[in-house]
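What follows draws every value from the coordinates through simple rules; no lab data is involved. This one's a predicted model, so the numbers in the text were calculated from it and none came from an experiment. Reconstructed Cβ throughout: ideal geometry from the backbone, glycine too, with neighbour counts over all protein chains shown.
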Amino acid sequence: MHYWWVNHKQTFRHEFSGGYIWSPKTKRGGALNRFYETLREVAPGDVIFSYETNCYTSPRPDEFGHIGEVWDDIGCRVDVNFAPISSPLRPSDHMQALAPTLPKQYSPINAAGHGYQHVYLASIPRAMALMLAQLISPELLRIVRETRAAEEPAVVDTELRGVSEWEQAETKRILEAKTLSETTRKALIKARVGQGLFRRNLAQFENHCRITGVTYQGHLFASHIKPWRESSNEERLNGENGLLLTPSIDHLFDRGFISFEDNGELIISDIAHKESVRRMGIDINHLVRVGRFSGGQKFFLAHHRRAVFLQAGSIK
């Protein structure tokens, strides 16, 4: 069980009525925001305190209209069962009680009890959750008291909800792009499933699965390092934006359970189920190095580590 605080600001009406929270993975222009990344850590059963002051992957909700036009159109979404309270709590009226419980880093509110403009979703300690529940209602206090703060990483739903819709939208955009030739459109669509020109370009850099050593091409997936859905058209066909992986290793890499350092060291997410990873053929007890990467591969691996690789507890 984890506890969260969300500062809705302009999007409260849409999110509350729709039963979700959503934020872009990046700001317009690609700048990262650590608080947006916290959506990837929310798990079923967590408690979210909704504050109106002003992870599955999803296109920006249409109902947002012009709100947040500086945001990226693709972000993370978490479905939420909102429960309105009869007497809304104003944090600024209770800071004497709340102040000692605020997170030491990345607090969602300041010392005066006002929400930080730049904070969307933030993790809060159990002590703060208990104090908020006590101030809100006896029933909520009972619920929070009966839960335990998470001591282990939550089990992650590896089915990336919303990805199919995202990729379908990208496919439609490519098919309707009048500036692209028919040959280019076909190449981009085939690249989505690791075939065609992308695979031929990848063959210039990779000829086997770096973890299992399998060389037979019929057993290897041509996997994008920076996901196809997030890549530009040029990146979708770039051979350095890829690895040849056996199906089980492709699954782990695509879902963010494993990644690679620039020096070839394999890194395994704390969230990954270690016994399953071991049964898939990965040595979880010793350092695994898979060889050198090209400069272009290192560029795309930096994105994978930052935006795909799953990290538990990155926000304390």
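One chain, two ends: Val290 and Ser92. Fully extended at 0.36 nm per residue, the span grows by 65.9 nm beyond their Cα-Cα distance. Using the Cβ-Cβ distance between Lys178 and Asp262 with R0 = 41 Å, the FRET efficiency computed as 1/(1 + (r/R0)^6) comes to roughly 0.55. When only alpha carbons are used to place a centre, segment 202-241 and segment 167-191 end up 19 Å from one another. Charging the Cβ of each Asp and Glu at -1 and of each Lys and Arg at +1, and nothing else, the dipole of segment 212-316 about its Cα centre rounds to 180 debye. Residues whose amide H comes within less than 5 Å of that of Phe221, counting only those at least five positions distant or on another chain, are Leu245, Thr246 (H built at 1.01 Å from N in the peptide plane).
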